[in-house]
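Worksheet: the structure to be examined is printed underneath.
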Amino acid sequence: MHTKLGMGLALITMLAGPVLASAVQRKPFGSMPDGSPVEAIVLSNGKGMSATILTLGASVQSLMVPDRAGKLADVVLGYDDLAGYVAKPNFFGATVGRVANRIAKGRFTLNGKSYQTPVNDGPNALHGGTKGFDKVVWQVVETHSGAKPGVTLRYVSPDGDQGYPGTLTATATYSLDDKGDLAVDYSATTDRPTVVNLSNHTYWNLNGEGSVAGAMGLKMMIPADAYSPTDATAIPTGEFRPVTGTPFDFRTPTAIGLRVRNGQDEQLRFGRGYDHNWVISRTKPKAMQLMARVEDPETGRVMEVLSDQPGLQFYSGNFLDGTITGKSGHIYREGDAIVLEPQMFPDTPNRPDFGSVRLDPGQTYANHIVFRFSTTR
């Protein structure tokens with residue numbers, strides 16, 4: 001390059017600031033108690049956003065998102081090191097399965113045969129059992145550079161794993177584009193009939209994961225006319241109850257904490273807050289649809305959740321009890337974050353009227369999720 005031209009370009013770069021580029025970086029994140037190494041894969045979109053994905057649980061460990069003034073903050077709860085994820089996992093950022101959410105008494109029947117999975121939530125199975133997909137190390141299949149950096153991870157769950165039939169090969173692909181979309185694409189295949197319902201269990205706080213304000217001041221909209229009431233153990237009763245006139249009506253943007261402590265509502269007393277399925281559609285849609293929109297009035301950050309699933313499990317962080325020390329020494333308290341999980345309805349293996357989570361050989365299960373970030377003025 002001509003010297004004067006090179007000096008000119010260098011001067012322009014100095015005046016304009018460094019040019020960010022999309023990138024994928026892999027680095028060690030520690031070792032499990034059995035010695036298995038865990039990696040962190042950092043995806044950067046060239047616009048200041050970056051997502052850190054762990055091979056443990058195919059989990060979102062961090063997501064840096066700008067506010068309306070361009071200031072970056074991590075909007076995901078979790079830990080700075082592997083020790084926290086091993087000691088108190090709490091499903092932070094994790095891929096949950098084989099069957100996300102709850103199965104009543106951990107039992108279901110398939111092809112006339114009964115199966116028992118470990119119960120780990122009172123009398124019920126939750127998120128796959130005592131050692132679900134959140135607690136295993138996934139393999140990095142490939143990374144994707146270019147305009148949409150990403151990573152694909154794979155876990156092969158053997159026949160009989162946590163009581164589920166069939167060898168299930170699951171993949172999770174995370175990608176981050178320059179528009180502010182963090183996409184999570186799940187797929188799975190099996191060699192025997194089985195059940196599968198994967199989702200993502202990231203805890204979100206658009207004000208920042210350690211903010212004093214918590215997440216109850218966030219305004220949320222869920223475009224659902226009905227939700228699934230539950231019994232005292234969080235298993236759906238089978239009713240699709242209209243949200244009209246209830247604390248479950250988020251069809252217009254409403255502060256999450258406005259009604260969460262409504263002592264008159266039995267459903268909120270059951271779970272110490274929201275931990276329910278919203279019925280976005282009665283059957284599995286053929287295309288992506290808006291599941292929720294969350295806005296932080298203070299920072300201007302906005303997150304839209306889109307998916308091709310019929311249900312959205314919304315959990316208001318009711319059991320973050322102040323005993324969890326997260327990133328940078330932050331204490332996570334009740335209501336400090338929310339979880340939004342697009343999926344099939346809870347206990348679907350026992351409720352044919354809810355649809356089906358059955359997967360047969362030759363079929364491919366899929367759940368496509370997009371967390372779309374922007375800002376308001």
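The values are calculated or read from the model by the stated rules, or taken from the named source; none is laboratory data. As the structure is a prediction and not an experimental result, all values here were calculated from the model. A quick note on method: Cβ atoms are made from the backbone with ideal geometry, for glycine too, and the neighbour counts reach across all protein chains shown.
Numbers at a glance
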| quantity | calculated |
| --- | --- |
| Some residue of the stretch 297-307 being farther than 16 Å from Ser199 by Cα and either among the hydroxyl-bearing types (Ser, Thr, Tyr) or in contact with a helix residue (DSSP H, G or I) (Cβ under 8 Å, 6 or more places away or on another chain) (or both) | yes |
| Of the criteria (1) farther than 27 Å from Asn120 by Cα; (2) modelled with pLDDT of 95 or more, which one Ala147 fails | (2) |
| Evaluation of Gly245 against (1) without any contact (Cβ under 8 Å) to a residue 12 or more places away in the chain; (2) over 28 Å from Pro297 (Cβ atoms) (one fails), failing number | (2) |
| Number of positions in the stretch 200-242 that are in contact (Cβ under 8 Å) with a residue 24 or more places away in the chain, charged (D, E, K, R) and surrounded by fewer than 21 Cβ atoms within 10 Å (Cβ to Cβ) | 3 |
| Residues that are in a loop (DSSP other than H, G, I, E, B) and farther than 27 Å from Leu320 by Cβ, drawn from the stretch 338-364 | Arg351, Gly355, Ser356, Val357, Asp360, Pro361, Gly362, Gln363, Thr364 |
| Where Phe345 falls short, out of the listed (1) modelled with pLDDT of 95 or more; (2) over 21 Å from Met288 (Cβ atoms) | (2) |
| Residue list for the stretch 80-105, filter: aromatic (Phe, Trp, Tyr) and surrounded by 24 or more Cβ atoms within 10 Å (Cβ to Cβ) | Tyr85, Phe92 |
| Looking only at the stretch 156-172, and only at residues there that are of a type in the set (S, T, N, Q) and in a strand (DSSP E or B), the one that is nearest to the chain's Cα centre (by Cα) | Thr171 |
| Residue pairs meeting the criteria (Cβ under 9 Å; at least 6 apart or on separate chains; first more than 23 Å from Thr375 (Cα to Cα) and in contact (Cβ under 8 Å) with a residue 40 or more places away in the chain, in the stretch 33-57; second of a type in the set (D, E, K, R) and in a strand (DSSP E or B)) | Glu39/Arg26; Glu39/Lys27; Ile41/Arg26; Ile41/Lys27; Ile53/Glu39; Thr55/Glu39; Leu56/Glu39 |
| Filter result (in a strand (DSSP E or B), closer than 21 Å to Gly355 by Cβ and touching a Leu at 6+ places or on another chain (Cβ under 9 Å)) within the stretch 173-199 | Tyr186, Ser187, Ala188, Thr189, Thr190, Thr194, Val195 |
| Odd one out for Tyr85 among (1) part of a strand (DSSP E or B); (2) under 22 Å from the mean Cα position of the chain (by Cα) | (1) |
| Which numbered condition Asn45 misses (of (1) at pLDDT 95 or above; (2) buried (at least 20 other Cβ atoms within 10 Å of the Cβ); (3) polar (S, T, N, Q)) | (1) |
| Among the residues listed as Ala104, Ala94, the single one being at pLDDT 95 or above, closer than 22 Å to Asn367 by Cα and either touching a helix residue (DSSP H, G or I) at 6+ places or on another chain (Cβ under 8 Å) or not small (Gly, Ala, Ser) (or both) | Ala94 |
| Of residues in the stretch 346-369 being touching a strand residue (DSSP E or B) at 6+ places or on another chain (Cβ under 6 Å) and crowded, with 20+ Cβ neighbours inside 10 Å, the one farthest from His201 (Cα to Cα) | Leu359 |
| Some residue of the stretch 110-127 being within 19 Å of Asn367 (Cβ to Cβ) and either in contact (Cβ under 8 Å) with a residue 40 or more places away in the chain or touching a His at 6+ places or on another chain (Cβ under 8 Å) (or both) | yes |
| Which numbered condition Thr283 misses (of (1) touching a residue at least 40 places away in the same chain (Cβ under 8 Å); (2) under 29 Å from Ser62 (Cα atoms)) | (2) |
| Those residues of the stretch 183-199 which are surrounded by 20 or more Cβ atoms within 10 Å (Cβ to Cβ) and either among the basic types (Lys, Arg) or closer than 21 Å to Asp74 by Cβ (or both), in sequence order | Val184 |
| Residue, modelled with the lowest pLDDT, within the stretch 7-42, restricted to residues that are assigned to a strand (DSSP E or B) and among the polar types (S, T, N, Q) | Ser22 |
